[in-house]
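Notes follow the structure.
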Ligand code: C2O
Ligand code: CU
C-alpha cells in the first residue's frame, strides 16, 4: 500500500471564515494548525487551517511594529511558517533544517516578526507546500504605512486570496506522505476559491473607493483578474506602492504575487471579479454594489494618478543597470527521464508563455527534475555557493528556456534577504517599478532583476510552484553582515 496523507473529514469541525486581527506593537498571537472539514462544490473535504479558518486570519499590523507568533502544530506533518515577502531576521524565516528545525506534530515554535515595509504579505508553511498550502494553510498580513498619505485615499478595503483546489469526483486526489505529485505542471485546481469560498458575495458601494488587496495563493495557476463595470487603479504590488499609479483593465498575478488595486464601481448592481484566460472566463467573486453612482468629484479624485517619490532615484539609475552585464545568469530548465517521450506539446494557450491550464496528463510527469542552472561565465552547473554582502546590489538575469524538456512559466521568489526591482523583460525596460519578491517568468522569457540585499543570513530562492520547488527548483545563498 502506498503511504497516503489523511483525507477523511468525518468528525472534524467545519472551517470558519478568516478573522481580521488588529495587532498592536509588542502583541503576541497564537497560531494553531489543525485539520478541518470544508463543504464546497457539493462535497465535504478534509483541509488544514490556521486557527480554524481557511484562509488563516489576516494580521493587521503597523509598519515598524514587532509581533510574536506562537505556532502550535496539530496538523498531519511537521511544519514551519514562512512569512512571505517580509524582510526579517533569518532565524524566523521558516525554512526547515536551514533556519530552524521543523515543528513536529504536537510541537511549537515562536516567531518574532518586524514589519519594515508597508503593503500586503502572506504566510504559509515551508514543508510540503504542495500539500499543506493547497489544503488551506495560508493567511495574509496587511502592514499599514507609517507615512500618512502613502496610499491614495480609499473608503474601505478587502483582502482577497485567489486560489484553486483540485477535486476529482468530489474528492481531493491523494497526497503521498513522502513525495510530491504533479511535478511537471504543478497541481492545477478545478474549483476556484476566493478567500476560501467558491464565488463569495461581497458588499460594496458605488459612491466609495474600495481597495482590493490581492494575492495569488494557488500552487501553479496564473490569475488574470478583471472587474468589468468598474474602474481599476493599480496602486501597489508585492511590497508597497508602485512608482506610478495607473488605470488598468486587469492585473496578472503569478503564484505568490500581490497587487493592490483601488476600485470605483460605475453604478450599483451585481458585478463579478473574473479570471480571464485566452480561452475562458471564470467568475471568482460577486460584489453586491449599493449606494448612488459615483459623482464627478469622486471620479476626479479617483483618476488622480500620483508618482511615488522614492522611485525617482531608482528610475534615473535604471538605464545604467539595464546596460550593465549581469552579475549572475540563471537558466530555468526541466530534465525528464525516459528519453524525452514526455515532450510537451504546445497549445494555443501557451502562445503568451503562460500555461493557463494543466495540458499535461499527470501520468509519467513525476519523472521530471527541475533545475536552476548557473550560466554565469559560460558555466553550466547547478547553482551553488553564491555569497554576497549586506548593501550589495546584484543584477540577476533569468533565462526561461524553451528548449528544456518541459518549458513553462515559473514564479521566481527570493526570501527576505532583501527585495528586488524588475529591470527589463526581454530587453524592454520595466515601465512601472515596484519592490518585489516574486517575478513571473513566462516561457521563453529573459527577465533581469536588481536584487537589493539588506538582511544577513542563509536565504532561499525558488520557484513558487511547490511541485517544482520540491523537484529541485530551489537554492540557498549567503548574505554576510
Ligand atoms: Cu512563499 Cu519560500 O515562499
Ligand atoms: Cu516552476
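The values are calculated or read from the model by the stated rules, or taken from the named source; none is laboratory data. These numbers were taken from a predicted model, which means no experiment stands behind them. Cβ: placed from backbone, ideal geometry, glycine included. Neighbour counts: every protein chain shown.
Looking at residue 450, is it closer than 23 Å to residue 241 by Cα and more than 12 Å from ligand 2 (Cβ to nearest atom)?
Working: closer than 23 Å to residue 241 by Cα: yes; more than 12 Å from ligand 2 (Cβ to nearest atom): yes.
Answer is yes for this residue.
Please list, ordered by residue number, the strands (runs of 3 or more DSSP E) wholly in segment 268-336 having 3 or more residues that are exposed (fewer than 14 other Cβ atoms within 10 Å of the Cβ) and under 25 Å from the mean Cα position of the chain (by Cα).
Numbers: elements: 269-276, 281-290, 328-336.
In segment 268-336, no matching strands (runs of 3 or more DSSP E) lie anywhere.
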Some residue of segment 175-187 being at pLDDT 95 or above, in a loop (DSSP other than H, G, I, E, B), surrounded by fewer than 19 Cβ atoms within 10 Å (Cβ to Cβ) and at negative phi: no
Conditions (1) away from ligand 1 (no atom under 16 Å from the Cβ); (2) modelled with pLDDT under 95; (3) touching a strand residue (DSSP E or B) at 6+ places or on another chain (Cβ under 6 Å); number of the one not met by residue 399: (2)
Inter-residue pairs, beta-carbon under 6 Å, first in contact (Cβ under 8 Å) with a residue 60 or more places away in the chain and in segment 84-100, second in a helix (DSSP H, G or I) and away from ligand 2 (no atom under 16 Å from the Cβ), 6+ apart: 99/90; 99/91
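Does residue 470 fit the bill of being out of contact with any strand residue (DSSP E or B) (no Cβ under 6 Å at 6 or more places or on another chain) and within 16 Å of ligand 2 (Cβ to nearest atom)?
Yes; evaluated as a whole, the condition is true for this residue.
Can you tell me how many residues within segment 51-65 are part of a strand (DSSP E or B) and farther than 13 Å from residue 83 by Cβ?
Going through segment 51-65, the residues part of a strand (DSSP E or B) turn out to be 53, 58-62.
Going one step further and asking which of them are farther than 13 Å from residue 83 by Cβ, we end up with 53, 58, 60, 62.
Qualifying residue count for the region: 4.
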Conditions (1) farther than 19 Å from residue 468 by Cβ; (2) within 21 Å of the chain's Cα centre (by Cα); number of the one not met by residue 84: (1)
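Kindly state which strands (runs of 3 or more DSSP E) lie completely within segment 380-430 and contain at least 3 residues that are surrounded by fewer than 19 Cβ atoms within 10 Å (Cβ to Cβ) and within 16 Å of ligand 2 (Cβ to nearest atom). Steps first, please.
On the way: elements: 387-389, 393-400, 410-414, 418-425.
In segment 380-430, no matching strands (runs of 3 or more DSSP E) lie anywhere.
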Selected residue (criterion: nearest to ligand 1 (Cβ to nearest atom)) from residues of segment 431-441 that are buried (at least 22 other Cβ atoms within 10 Å of the Cβ) and not in a strand (DSSP E or B): 437
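Of everything in segment 91-101, what is at negative phi, part of a loop (DSSP other than H, G, I, E, B) and either within 16 Å of ligand 2 (Cβ to nearest atom) or crowded, with 19+ Cβ neighbours inside 10 Å (or both)? Give them in sequence order. Before you say what the answer is, go through the steps one by one.
Let us first name the residues in segment 91-101 that are at negative phi, namely 91-93, 95-96, 98-101.
Imposing the further condition that a residue be part of a loop (DSSP other than H, G, I, E, B) reduces the set to 93, 95, 98-99, 101.
Answer for segment 91-101, where residues must be at negative phi, part of a loop (DSSP other than H, G, I, E, B) and either within 16 Å of ligand 2 (Cβ to nearest atom) or crowded, with 19+ Cβ neighbours inside 10 Å (or both): 93, 95, 99.
Out of 130, 149, 155, 70, I need the residue that is more than 14 Å from ligand 1 (Cβ to nearest atom), modelled with pLDDT of 95 or more and either buried (at least 22 other Cβ atoms within 10 Å of the Cβ) or more than 23 Å from residue 24 (Cβ to Cβ) (or both). Which one?
Details: 130 fails: more than 14 Å from ligand 1 (Cβ to nearest atom); 149 fails: either buried (at least 22 other Cβ atoms within 10 Å of the Cβ) or more than 23 Å from residue 24 (Cβ to Cβ) (or both); 70 fails: either buried (at least 22 other Cβ atoms within 10 Å of the Cβ) or more than 23 Å from residue 24 (Cβ to Cβ) (or both).
Exactly one residue qualifies, and that residue is 155.
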Hits in segment 176-216 (condition: within 20 Å of residue 157 (Cα to Cα) and within 16 Å of ligand 2 (Cβ to nearest atom)): 216
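This table checks each residue for (1) under 19 Å from residue 140 (Cα atoms); (2) more than 16 Å from ligand 1 (Cβ to nearest atom); (3) in contact with a helix residue (DSSP H, G or I) (Cβ under 6 Å, 6 or more places away or on another chain); (4) at pLDDT below 95.
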| site | (1), (2), (3), (4) |
| --- | --- |
| 224 | no, yes, no, no |
| 227 | no, yes, no, no |
| 237 | yes, no, no, no |
| 253 | yes, no, no, no |
| 260 | yes, yes, no, no |
Hits in segment 66-90 - residues which are closer than 27 Å to residue 480 by Cα and assigned to a loop (DSSP other than H, G, I, E, B): 80, 81, 85, 86, 87, 88, 89
Filtered residue count, segment 15-57, keeping only those that are at pLDDT 95 or above and farther than 24 Å from residue 130 by Cβ: 14
Residue match in segment 29-45 (condition: touching a residue at least 60 places away in the same chain (Cβ under 8 Å), over 22 Å from residue 160 (Cα atoms) and assigned to a loop (DSSP other than H, G, I, E, B)): yes
Residue satisfying all of: in segment 114-127; within 13 Å of ligand 1 (Cβ to nearest atom) and over 15 Å from residue 215 (Cβ atoms); surrounded by the fewest Cβ atoms within 10 Å (Cβ to Cβ) among these: 127
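Taking residue 139, is it free of Cβ contacts under 8 Å to residues at least 40 places away in the same chain and crowded, with 24+ Cβ neighbours inside 10 Å?
No, not satisfied.
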